[in-house]
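Asker: Pasting a structure below so you can have a look.
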Amino acid sequence: MRAFYHPDQSKHDPQQYMRFGRIVAPKDLPERTERLLGALAKHGVTPERPAEHGTAPILAVHDEGFVRFLEGLWQRWLALPEHGPEAWPNTFPYWSGRTDEDVRPPCRPTGIMGQLGWYLGDLSVPVGEHCWLSTLRSAETAVSGADAVIAGERAVYSLCRPSGHHARADRATGFCYLNNSAIAAQRLRSKFGKVAILDVDAHHGDGTQQIFYRRDDVLTISVHADPADYYPFFTGYADERGNGPGEGFNLNLPLAHGAGGAEMEAAVDRAGRAIREFGAEALVIALGYDAHKHDPIGVLKLEAADFGTIGERVKALGLPTLVVQEGGYAIEAIGDCLDAFLGGFK
């Protein structure tokens, strides 16, 4: 298996995170990448450095105003007469959440504080000095992985950090700034007529769902913890099936809190049937490890070995596959999870 990773991705070092009404230490630590690189090394995989693709592939799924906001935010933040260690919003404007709209209207405020509230959707996406560089490199890692699949590779792993599946077309949220899985899937569409995305992160891939919700060429499937009392709360329910031309091309498979490997296996099997019925020609796996029983913000109870079963099921689909790294915050466990997945995928 080929893999891609850029060391600039470890420069993103968030300092703040709001949880249960307190500002606490962030969970997306740079150390995560070290553990995952160690797991790759166990399998004899040395990641290649991705090409510098710039923002063109990003703009294929993301709103330009949003992308330019992220790109230039840090310098604007430093120009404020008073500013904290990171750009952080203090307003969150109401939006209807209409599923018949691909993107919200353009942001009307021109000032930085109004734009912060529009483009940063919660208090888990602070923007520091190196955030944009790491985010850009993360997206480029996904694009390079997709390009390798387009060129004929059957299996590629993109070690993406920051993660991406919560990022919507025009909003960062949930530790995610740009949607790497969606960017990669759109890139794959340049060769493959039908692409499926299977997200097995413990959190619903709400950004990925939103980006493709009105399309019938990309099947989006998310296996995740029941969002009734778990982030992202407002999406991820089984009755969300798509809108307009996308009706029937979104599948959510929520799991009861406390579910373990058997429940995950059954859901992945159901997802596999849907992928076959769809006639997918290529597959993106949004792979998170926060379903592990020791994850500090998790509610599922998977063992590391259960990710090996996921790898086996994905391999059995027999499709050109790009694995895009998403979450997983149990530092001591995530290397074992990737190790098991790669062992099952062989």
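The values are calculated or read from the model by the stated rules, or taken from the named source; none is laboratory data. Bear in mind that the values here come from a model prediction, so they are computed numbers and not experimental data. Ideal geometry is used to build each Cβ from the backbone, glycine not excepted, and the neighbour counts take in all protein chains shown.
Asker: Pick out the one residue from I211, I197, I275 that is among the β-branched types (V, I, T) and farther than 22 Å from A139 by Cα.
Answerer: Step by step, each of I211, I197, I275 is checked, and only I275 is among the β-branched types (V, I, T) and farther than 22 Å from A139 by Cα.
Asker: Return the pairs, sorted by first residue and then second, in which the second residue is among the acidic types (D, E) and surrounded by fewer than 24 Cβ atoms within 10 Å (Cβ to Cβ), the first residue lies in region 158-180 and is touching a residue at least 12 places away in the same chain (Cβ under 8 Å) and within 22 Å of F92 (Cα to Cα), the beta carbons are less than 6 Å apart, and the residues are 6+ apart or on different chains.
Answerer: From residues that are touching a residue at least 12 places away in the same chain (Cβ under 8 Å) and within 22 Å of F92 (Cα to Cα), the pairs are A169/D63; D170/D63; T173/D122; F175/D28.
Asker: Tell me which residues, restricted to region 75-118, are among the small types (G, A, S) and either in a loop (DSSP other than H, G, I, E, B) or exposed (fewer than 11 other Cβ atoms within 10 Å of the Cβ) (or both).
Answerer: Answer for region 75-118, where residues must be among the small types (G, A, S) and either in a loop (DSSP other than H, G, I, E, B) or exposed (fewer than 11 other Cβ atoms within 10 Å of the Cβ) (or both): A79, G84, S96, G97, G111.
Asker: Check whether at least one residue in region 143-160 is farther than 30 Å from F307 by Cα and at pLDDT 95 or above, and report yes or no.
Answerer: Within region 143-160 (the criterion being farther than 30 Å from F307 by Cα and at pLDDT 95 or above), the answer is no, since none of the residues qualifies.
Asker: While we're looking at this one, here's another question. Test D290 against the stated conditions and say whether it is of a type outside the set (A, V, I, L, M, F, W, C), under 17 Å from the mean Cα position of the chain (by Cα), over 24 Å from R241 (Cα atoms) and modelled with pLDDT of 95 or more.
Answerer: Considered against the rule, which asks whether it is of a type outside the set (A, V, I, L, M, F, W, C), under 17 Å from the mean Cα position of the chain (by Cα), over 24 Å from R241 (Cα atoms) and modelled with pLDDT of 95 or more, D290 comes out as yes.
Asker: For region 264-287, how many residues meet the condition of being touching a residue at least 24 places away in the same chain (Cβ under 8 Å), of a type in the set (D, E) and either within 24 Å of G152 (Cα to Cα) or in contact with a Leu (Cβ under 6 Å, 6 or more places away or on another chain) (or both)?
Answerer: The number of residues fulfilling the criteria is 1.
Asker: Can you pull out the residues in region 154-201 that are assigned to a loop (DSSP other than H, G, I, E, B) and hydrophobic (A, V, I, L, M, F, W, C)?
Answerer: Selection gives L159, C160, A167, A169, F175, L178, F192, V200.
Asker: Continuing with the same structure: Can you tell me which of S158, S124 is surrounded by fewer than 24 Cβ atoms within 10 Å (Cβ to Cβ), under 22 Å from D290 (Cβ atoms) and small (G, A, S)?
Answerer: Result of the check over S158, S124: S124.
Asker: Considering D206, D199, which residue is crowded, with 24+ Cβ neighbours inside 10 Å and over 16 Å from V61 (Cα atoms)?
Answerer: D199
Asker: Let me ask another. Yes or no: R241 under 22 Å from the mean Cα position of the chain (by Cα), more than 24 Å from D306 (Cα to Cα) and at pLDDT 95 or above?
Answerer: yes
Asker: Here's a follow-up. Restricting the search to region 329-346, which residues are free of Cβ contacts under 8 Å to residues at least 60 places away in the same chain, farther than 16 Å from S158 by Cα and hydrophobic (A, V, I, L, M, F, W, C)?
Answerer: Within region 329-346, A330, A333, A340 meet the criteria.
Asker: Moving on to the next point. Considering each of V299, V268, V324 in turn, give the residue that is crowded, with 19+ Cβ neighbours inside 10 Å, in contact with a Ser or Thr (Cβ under 6 Å, 6 or more places away or on another chain) and hydrophobic (A, V, I, L, M, F, W, C).
Answerer: Answer to the check: V324.
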